[in-house]
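Remarks on the structure that follows.
Derivation of every value follows stated rules applied to the coordinates shown; laboratory data play no part. Note that the structure is a prediction, hence the values are computed from the model and not measured. When we count neighbours, we look across all protein chains shown, and the Cβ atoms used for this are built from the backbone with ideal geometry, even at glycine.
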Amino acid sequence: MRVTGLRLVNFRNYPSLSLRPDAGLCVLTGENAAGKTNVLEALFLCSLGRSHRTVRDSEMVRKGESAGSVAVDMDTRSGPRRIECKLFSGDRKKMFIDGAPLSRSGELLGCLNVVMFAPEDLALIKDGPGERRRFLDMAISQLRPSYYYTLQQYNAALKQRNALLKEPEGLDYDALECWDEQLSVLGAAIVLARAELVEHMGQIAAEQHETLSDGAETLVAAYEPNVEPSDRESLAKTLRLALADTAERDVYRGSTSVGPHRDDLKLVINGSDVRVYGSQGQQRTTVLSLKLAQLEILRAEKEDSPVLLLDDVFSELDRNRQKMLLIAAQDCQTFLTCTHIEEVAAAGVEQMQVYQVADRSVVEL
């Protein structure tokens with residue numbers, strides 16, 4: 001899989017931009033705030049239907065304009081494809097694949113697979129469980145888009161149950177039982193999918209981390225479900241019983257206290273929790289190990305290499321980690337941003353396509 005063309009119109013700081021990237025390493029270099037990250041954000045948007053930087057689509061429209069757009073052309077195993085995203089300052093975005101509008105956002109998943117490593121990814125370690133659940137959910141959704149719909153259904157049912165718990169006229173136990181049934185079945189599917197991914201990803205991430213740390217550190221990734229997973233049928237039953245047992249407490253709190261929306265991903269280096277005791281370097285290497293594991297899983301299961309997006313990572317990694325990252329990305333089309341091209345050259349890269357980003361323009365050198 002590779003991007004063959006990128007077209008931006010009134011996207012972030014670009015009035016207009018057109019790129020024809022090579023299949024290998026594409027480096028965007030320039031000063032901070034020149035617009036390098038905006039190019040990667042556009043690719044991410046066309047892969048997952050959302051920005052990695054903001055939840056407000058209108059923020060991606062160039063200031064002073066009413067609309068903007070992103071178009072990505074690509075080669076895939078099934079042939080050439082085109083993804084378009086039309087953005088509006090006062091309305092919802094619209095997505096298209098090969099000119100056909102998407103009726104559901106999940107239809108986009110799996111069309112353009114990307115793995116991104118950016119400074120914002122430290123939130124995966126530093127922030128709360130929601131960030132780690134989001135990482136797992138996005139990774140699974142790229143592998144199996146059907147999971148995305150299961151997640152949507154679960155969140156919709158959870159919203160309805162929480163609304164029911166807050167009814168001022170008292171709890172309708174018949175309605176509660178109906179929502180509990182839906183949440184238990186959908187929740188069991190989510191827990192089992194997450195547990196499977198973490199088991200696979202954890203093994204690969206541990207190997208990556210050992211290499212990146214020159215054997216000095218051992219990384220363990222462990223899924224921490226709110227309700228312990230087992231086989232699908234018994235897990236659904238366990239969830240249903242847990243929801244019933246906590247109903248009175250949930251009424252008092254006004255929210256549902258058990259289920260996969262309370263799960264977490266525990267990350268441990270040499271026996272210590274990375275979030276609590278890890279240094280900045282250890283936390284960054286942990287995120288990198290997880291992302292490289294995600295890349296390897298996508299490559300294996302899709303039988304095609306995803307596109308790798310690396311935003312300002314070289315300035316945060318030592319020379320050994322830089323080299324290991326580029327080795328892992330050898331058969332992937334990679335977009336990398338940096339302020340100094342010498343950083344990339346010093347890592348031993350001989351062939352790369354270099355773009356200079358400045359003054360709202362991108363020029364190939």
Size of charge dipole - region 208-287 - debye, nearest 20, with Cβ of Lys, Arg +1 and Asp, Glu -1, no other charges: 280 debye
Packing rank of 273-286, 298-311, where each peptide gets the mean count of other beta carbons within 10 Å, highest leading: 298-311, 273-286
Using a Förster distance of 30 Å, the FRET efficiency for VAL363-ASP75 (Cβ separation, nearest 0.05): 0.80
Evaluated at q = 0.10, 0.16, 0.17 Å⁻¹: base-10 log I(q)/I(0), Debye formula over Cα of region 206-365: -0.57, -1.00, -1.06
Dipole magnitude of the chain about its Cα centre (Cβ charges: Lys, Arg +1; Asp, Glu -1), debye to nearest 20: 980 debye
Beta bridges by DSSP in the chain, antiparallel share as percent, to the nearest 5: 70 percent
Distance between modelled label sites at ALA163 and ALA244, nm, 7 Å Cα→Cβ extension: 2.6 nm
Flagged links, alpha-carbon separation over 24 Å, of LYS63/LYS94; LYS36/LYS266; LYS36/LYS63; LYS126/LYS291; LYS36/LYS86; LYS266/LYS291: LYS36/LYS266
Sequence ranges 145-152, 204-211, 94-101, ranked by mean other-Cβ count within 10 angstrom, highest first: 204-211, 145-152, 94-101
Ellipticity estimate at 222 nm from DSSP helix runs (n ≥ 4, -39,500 (n - 2.57)) divided over the chain, nearest 500: -14000 deg cm²/dmol
Percentage of interatomic Cα-Cα distances in region 14-101 larger than 19 Å: 43 percent
Dmax and Rg, reported as Rg then Dmax, of region 80-181 (C-alpha, Å): 18.1, 57
Cβ-placed point charges (K, R +1; D, E -1), dipole of region 135-234 about Cα centre in debye, nearest 20: 380 debye
Where the Cα pairs of the chain fall when distances are cut into 10 Å bins, in %: 5, 22, 29, 25, 13, 4, 1, 0
Approximate spin-label separation GLU228-LYS266, in nm, with each point projected 7 Å along Cα-to-Cβ: 1.3 nm
Vicinal HN-Hα couplings computed from phi for region 12-26 (Karplus, 6.51 cos²θ - 1.76 cosθ + 1.60; Hz; Gly/Pro x): 6, 8, 9, x, 7, 8, 9, 10, 10, x, 6, 7, x, 8, 10
Selection from GLY271, VAL313, PHE335 lying farthest towards where the dipole of region 270-365 points positive, charges on Cβ: GLY271
Relative contact order [Cα under 8 Å, 6+ residues apart], the chain, whole percent: 24 percent
Pair PHE96, ASP174: separation of 7 Å Cα→Cβ label points (nm): 4.9 nm
Phi to ³J(HN,Hα) by Karplus 6.51 cos²θ - 1.76 cosθ + 1.60 over region 143-152, Hz, x for Gly, Pro: 6, 9, x, 4, 4, 4, 5, 4, 5, 4
